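Trainee: Quick one: the structure is below, questions incoming.
The values are calculated or read from the model by the stated rules, or taken from the named source; none is laboratory data. Bear in mind that the values here come from a model prediction, so they are computed numbers and not experimental data. Note: ideal-geometry Cβ built from the backbone for every residue, glycine included; neighbour counts use all protein chains shown.
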Amino acid sequence: MTWLRLVRAEIRKLTTTKLPLGFLAVLVLIAGIDAAVVMFGTDMDGSKAFIATAADQQSLMAFAFNAMLGTGLFGAIAVAREYGHNTVVPTYLTCPRRMRAGLAQLTAVLLGGALLGLIGQGFIIAGVALALPSTEYGFLVTAGGVTQILAATTFAGAIGAVLGAGLGAVIRNLGGAVTAVVLALFMIPPLVVQLFSDAASWIPPTLGAVISGVSTDVNTWAALTALLTWGVLPAAAGLLLVQRRDVV
């Protein structure tokens with residue numbers, strides 16, 4: 001079986017389950033919450049200064065880190081459940097070269113994560129844009145700003161999915177893989193920052209803000225490289241262990 005056929009088979013696995021639909025429903029809910037915040041939320045003084053400028057609106061809509069966390073869960077579930085249900089066995093029987101099969105699975109999950117990130121960011125932009133006419137402010141973010149947050153969230157979504165898939169391949173238990181994603185992206189980074197303040201510029205929330213154009217803590221290219229590293233290391237560990245361990 002060719003590698004492209006393997007990728008198509010992995011994509012079919014993802015699209016013939018309810019997993020993507022569940023994540024899409026969550027994205028719609030988040031977009032609705034953002035719209036409600038615009039319509040009904042106020043600052044402490046009762047004003048809506050949090051949407052008064054283009055920078056404020058871009059910051060409100062930036063979704064890169066949240067997308068990375070969400071698609072990290074998506075990737076972990078997509079991979080770990082294959083070991084739980086033993087559906088990974090037919091894959092390795094069809095393609096005994098586990099590296100090729102693993103790369104095909106990572107590619108499919110990466111594409112799914114990127115698409116979920118793009119769709120989620122689009123929903124949020126649309127929700128905010130539709131809610132702004134109920135306020136005294138219009139949509140102030142430029143086309144360039146919109147393009148940047150769309151690209152940033154798509155990239156972060158892809159990286160999060162690869163990270164989650166790598167952890168899923170390492171742990172191979174659904175609950176353990178999901179817990180590992182939450183720990184790696186949500187709980188451990190703030191603790192590390194408490195111990196090493198210089199690390200604050202290199203954790204996913206900061207890096208997501210940088211590539212979205214709402215922070216300048218580090219150079220954009222450095223942020224992209226750092227985020228890529230966050231995803232590549234777990235993925236590489238997963239591929240290595242897939243080759244060395246028994247399938248079940």
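Trainee: So which pairs qualify, if the first residue must be in the range 226-238 and in contact (Cβ under 8 Å) with a residue 12 or more places away in the chain, the second must be among the hydroxyl-bearing types (S, T, Y), the Cβ gap must be under 9 Å, and the two must be at least 6 apart or on different chains?
Mentor: A226/S201
Trainee: Somewhere in the range 81-95, is a residue touching a Leu at 6+ places or on another chain (Cβ under 8 Å) and acidic (D, E)?
Mentor: Checked against the condition, which is being touching a Leu at 6+ places or on another chain (Cβ under 8 Å) and acidic (D, E), the range 81-95 yields no hits at all.
Trainee: Take the range 173-191 and flag every residue that is within 19 Å of L233 (Cβ to Cβ) and exposed (fewer than 14 other Cβ atoms within 10 Å of the Cβ).
Mentor: Residues satisfying the conditions are L183, M187, I188, L191.
Trainee: Same structure again: Any residue in the range 168-178 that is modelled with pLDDT under 95 and over 20 Å from V109 (Cα atoms)?
Mentor: no
Trainee: Can you tell me which condition P234 does not meet? The list is (1) out of contact with any helix residue (DSSP H, G or I) (no Cβ under 8 Å at 6 or more places or on another chain); (2) buried (at least 17 other Cβ atoms within 10 Å of the Cβ), and all the others hold.
Mentor: (1)
Trainee: From the list G145, G166, G208, G157, which one is in contact (Cβ under 8 Å) with a residue 60 or more places away in the chain, of a type in the set (G, A, S), over 21 Å from A78 (Cα atoms) and touching a Gly at 6+ places or on another chain (Cβ under 8 Å)?
Mentor: Being in contact (Cβ under 8 Å) with a residue 60 or more places away in the chain, of a type in the set (G, A, S), over 21 Å from A78 (Cα atoms) and touching a Gly at 6+ places or on another chain (Cβ under 8 Å) holds for just one of G145, G166, G208, G157, which is G145.
Trainee: Next question, about the same structure. Checking the condition closer than 20 Å to G166 by Cβ and touching a residue at least 60 places away in the same chain (Cβ under 8 Å), which residue from V28, V38, V88 passes?
Mentor: Working: V28 fails: closer than 20 Å to G166 by Cβ; V38 fails: closer than 20 Å to G166 by Cβ.
Result: V88 is the single residue among V28, V38, V88 that is closer than 20 Å to G166 by Cβ and touching a residue at least 60 places away in the same chain (Cβ under 8 Å).
Yes/no matrix, rows are residues, columns are (1) at pLDDT below 95; (2) among the aromatic types (F, W, Y); (3) surrounded by 21 or more Cβ atoms within 10 Å (Cβ to Cβ):
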{"position": "G127", "(1), (2), (3)": "no, no, yes"}
{"position": "L130", "(1), (2), (3)": "no, no, no"}
{"position": "T142", "(1), (2), (3)": "no, no, no"}
{"position": "V146", "(1), (2), (3)": "no, no, no"}
{"position": "F155", "(1), (2), (3)": "no, yes, yes"}
{"position": "L163", "(1), (2), (3)": "no, no, yes"}
{"position": "G166", "(1), (2), (3)": "no, no, yes"}
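Trainee: Quick one: which helices (runs of 4 or more DSSP H) sit completely within the range 133-248 and have at least 2 residues that are out of contact with any Phe, Trp or Tyr (no Cβ under 9 Å at 6 or more places or on another chain) and either within 30 Å of T87 (Cα to Cα) or β-branched (V, I, T) (or both)?
Mentor: Helices (runs of 4 or more DSSP H) meeting the threshold: 143-171, 174-182, 188-195, 220-244.
Trainee: Further, regarding this structure: What pairs come out if I take residues in the range 180-200 that are within 19 Å of A64 (Cα to Cα) and pair them with residues that are assigned to a helix (DSSP H, G or I) and of a type in the set (S, T, N, Q) whose C-beta lies under 7 Å away, six or more apart or interchain?
Mentor: From the range 180-200, the pairs are A200/T206.
Trainee: Sort through A104, A108, A151 and tell me the only one that's of a type in the set (A, V, I, L, M, F, W, C) and surrounded by fewer than 23 Cβ atoms within 10 Å (Cβ to Cβ).
Mentor: Exactly one of A104, A108, A151 is of a type in the set (A, V, I, L, M, F, W, C) and surrounded by fewer than 23 Cβ atoms within 10 Å (Cβ to Cβ), namely A151.
Trainee: Within the range 197-219, track down each residue that is polar (S, T, N, Q) and loosely packed, with under 15 Cβ neighbours inside 10 Å.
Mentor: Hits for the range 197-219 are S197, T216, N219.
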